[in-house]
Amino acid sequence: MAVQTPSTSTDDVLSLIRPAVRNESEYLVDAPGPPDVKLNQNESPFDLPDDLKEELLESFSKVKFNRYPTEQPNRLRRALAEHDDVPPESIIVGNGSNEITYTFGLAFLEAGSPMVLPRPMFSLYGKVARLQDADLTEVPPNEDFTFDVDGLVDAVRETDARLTILATPNNPTGHALTLAEIERVADASPGVVVVDEAYVEFNDAPSAIQLIDDHPNVMVLRTLSKGFGLAGLRLGYLIARPSVVTELMKARLPFMVDRFAEQTALAVLDRPRLIEERVHQMQVSITEVTEALKKMEAVDVVPSDANFVIFTTPHPADEVQDRLADRGVLVRNMGGYPELEGYLRVSAGTRAENKAFLTTLEETL
Ligand SMILES: Cc1ncc(COP(=O)(O)O)c(C=O)c1O
């Protein structure tokens, strides 16, 4: 039998992928083997207590693995609504808050849609803009890396921005915006302003949720990956006006949250003291690390309102990152952000992890 040559080659298939996708890079975090001390992804250093894990594992045995969950995890939606004092209809729960960014990208951005981001900014948002071929305007920070709020107000006005994203406290700088500053941007903006509050638990400023009542264009994005310590389960949520949520739901894939994640989040939300204590420990931890870094000769630290902090040393950041990694300590080189050449980021660890990081850094320097 004659073997037919396929009429389409792999290269033909690759050429069909939109340039906006092919020009991107995969999101990869360097992980040279299992580290002793992992402080490179702004995670909580605290896993759930063993007794709670056992309780959850026991309850998972009753879950029907063969059945789909509901489209939205409704029990969790109600629990989150109670947690944030908003109606359940104003919440979309997703497979991590990152996943929800694609929903608002799809819903608000067409090719050429004006979008505004402050710089430096959590890298995913630039990617959402590029994947949708949006027309992105980036607003550089002030010299001390705080937000240039006047610049943001001007940019949303001048570009007629359809979508603006503010992360507060910001990753990677750790700086927060005040409610009045967010309100200025929202008032000036003809489009939507998404406020990413991934690190809100570590910051004492009030949440932008309260702006939604008077500003229909404001939405708040939250995650359970940081303060709640559930990064491995992938849970995040968006809060917006219920009528906006109804429309955004049309752009979503169903069943994004599995039964295990929902059940775990419910159990954790039921233990507010546990989370409060751990958030407090992370706040103390990052303050102690910041103070210790400040005392090191030739190390410069940018004070942070989140559970991580950025700093420079006299050496190239990639070299310091590699040398620490060789000794089992993972921190993140921030050199991918043009403003942050030479900066490294370290997240709050346990006391022992912080000590190991600080000692290893001192020896490395
Ligand atoms: C600003 C910001 N938003 C969102 C996330 C990720 O959230 P999730 O784990 O819910 O996808 C991060 C994680 O580093 C972040 O820094």
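Checked across region 187-201, the condition of being assigned to a helix (DSSP H, G or I), at pLDDT 95 or above and touching a Gly at 6+ places or on another chain (Cβ under 7 Å) holds for at least one residue. Quickly run through region 94-131 and pick out the residues that are in a strand (DSSP E or B) and either at pLDDT below 95 or away from the ligand (no atom under 11 Å from the Cβ) (or both). Within region 94-131, 114, 115, 116, 117, 118 qualify. Scanning region 217-240 for residues that are of a type in the set (Lys, Arg) and farther than 19 Å from residue 105 by Cβ yields one hit, 226.
When residue 342 is tested against (1) at positive phi; (2) in contact (Cβ under 8 Å) with a residue 40 or more places away in the chain, only condition (2) is not met. Residue 137 meets each of the listed conditions (1) surrounded by fewer than 22 Cβ atoms within 10 Å (Cβ to Cβ); (2) in a helix (DSSP H, G or I); (3) under 22 Å from the mean Cα position of the chain (by Cα) apart from (2). Right, residue 267: under 29 Å from residue 214 (Cβ atoms) and not hydroxyl-bearing (Ser, Thr, Tyr) or not? No: the conditions fail for residue 267.
Evaluate the following for residue 145: is it of a type outside the set (D, E, K, R), crowded, with 18+ Cβ neighbours inside 10 Å and within 16 Å of the ligand (Cβ to nearest atom)? Can you show your working first?
Values: of a type outside the set (D, E, K, R): yes; crowded, with 18+ Cβ neighbours inside 10 Å: yes; within 16 Å of the ligand (Cβ to nearest atom): yes.
Taking the combined requirement at face value, the residue satisfies it.
Selection within region 148-196: residues that are over 29 Å from residue 40 (Cα atoms) and among the polar types (S, T, N, Q). The member of this set that is surrounded by the fewest Cβ atoms within 10 Å (Cβ to Cβ) is 159.
Okay, residues lined up against (1) of a type in the set (S, T, N, Q); (2) within 16 Å of the chain's Cα centre (by Cα); (3) farther than 30 Å from residue 163 by Cα:
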| position | (1), (2), (3) |
| --- | --- |
| 234 | no, yes, no |
| 238 | no, yes, no |
| 242 | no, no, no |
| 271 | no, no, yes |
| 276 | no, no, yes |
| 281 | yes, no, yes |
| 288 | no, no, yes |
| 296 | no, no, yes |
| 307 | yes, yes, no |
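Regarding residue 269, is this residue in contact with a helix residue (DSSP H, G or I) (Cβ under 6 Å, 6 or more places away or on another chain), without any contact (Cβ under 8 Å) to a residue 60 or more places away in the chain and within 16 Å of the ligand (Cβ to nearest atom)? Criteria not met by residue 269. Within region 205-236, the set of residues being away from the ligand (no atom under 12 Å from the Cβ) and without any contact (Cβ under 8 Å) to a residue 12 or more places away in the chain comprises 213, 214.
Residue 342 passes all but one of (1) in contact with a strand residue (DSSP E or B) (Cβ under 9 Å, 6 or more places away or on another chain); (2) surrounded by 21 or more Cβ atoms within 10 Å (Cβ to Cβ); which number fails? Going through (1) in contact with a strand residue (DSSP E or B) (Cβ under 9 Å, 6 or more places away or on another chain); (2) surrounded by 21 or more Cβ atoms within 10 Å (Cβ to Cβ) one by one, residue 342 breaks only (2). The residues listed here are 71, 24, 43; of these, the one that is in a loop (DSSP other than H, G, I, E, B) and within 16 Å of the ligand (Cβ to nearest atom) is 43.
Considering only region 347-356, state which residues are buried (at least 24 other Cβ atoms within 10 Å of the Cβ) and in contact with a strand residue (DSSP E or B) (Cβ under 6 Å, 6 or more places away or on another chain).
Taking region 347-356 first, the residues buried (at least 24 other Cβ atoms within 10 Å of the Cβ) are 347-349.
Listed by number, the list holds a single entry, 347.
The number of residues in region 237-262 that are under 30 Å from residue 273 (Cβ atoms) and away from the ligand (no atom under 13 Å from the Cβ) comes to 6.
Select from region 204-215 the residues that are part of a loop (DSSP other than H, G, I, E, B), touching a strand residue (DSSP E or B) at 6+ places or on another chain (Cβ under 9 Å) and closer than 13 Å to residue 186 by Cβ and list them in ascending order. Break it down stepwise before answering.
Filtering region 204-215 down to residues part of a loop (DSSP other than H, G, I, E, B) leaves 204-207, 212-215.
When the remaining residues are screened for being touching a strand residue (DSSP E or B) at 6+ places or on another chain (Cβ under 9 Å), the result is 207, 212, 215.
Within region 204-215, 212, 215 meet the criteria.
If you check residue 202 against the conditions, is it over 28 Å from residue 70 (Cα atoms) and either hydroxyl-bearing (Ser, Thr, Tyr) or within 16 Å of the ligand (Cβ to nearest atom) (or both)?
Working: over 28 Å from residue 70 (Cα atoms): yes; either hydroxyl-bearing (Ser, Thr, Tyr) or within 16 Å of the ligand (Cβ to nearest atom) (or both): yes.
Yes; evaluated as a whole, the condition is true for this residue.
Looking at region 237-325, the helices (runs of 4 or more DSSP H) lying wholly inside it that each contain 3 or more residues that are in contact with a Leu (Cβ under 6 Å, 6 or more places away or on another chain) and more than 23 Å from residue 36 (Cα to Cα) sit at 259-269. Of all residues in region 95-113, those being of a type outside the set (Phe, Trp, Tyr) and without any contact (Cβ under 8 Å) to a residue 60 or more places away in the chain number 6.
The values are calculated or read from the model by the stated rules, or taken from the named source; none is laboratory data. No experiment lies behind these values; they were computed from the predicted model shown. Virtual Cβ from ideal backbone geometry, glycine too; neighbours counted across all protein chains shown.
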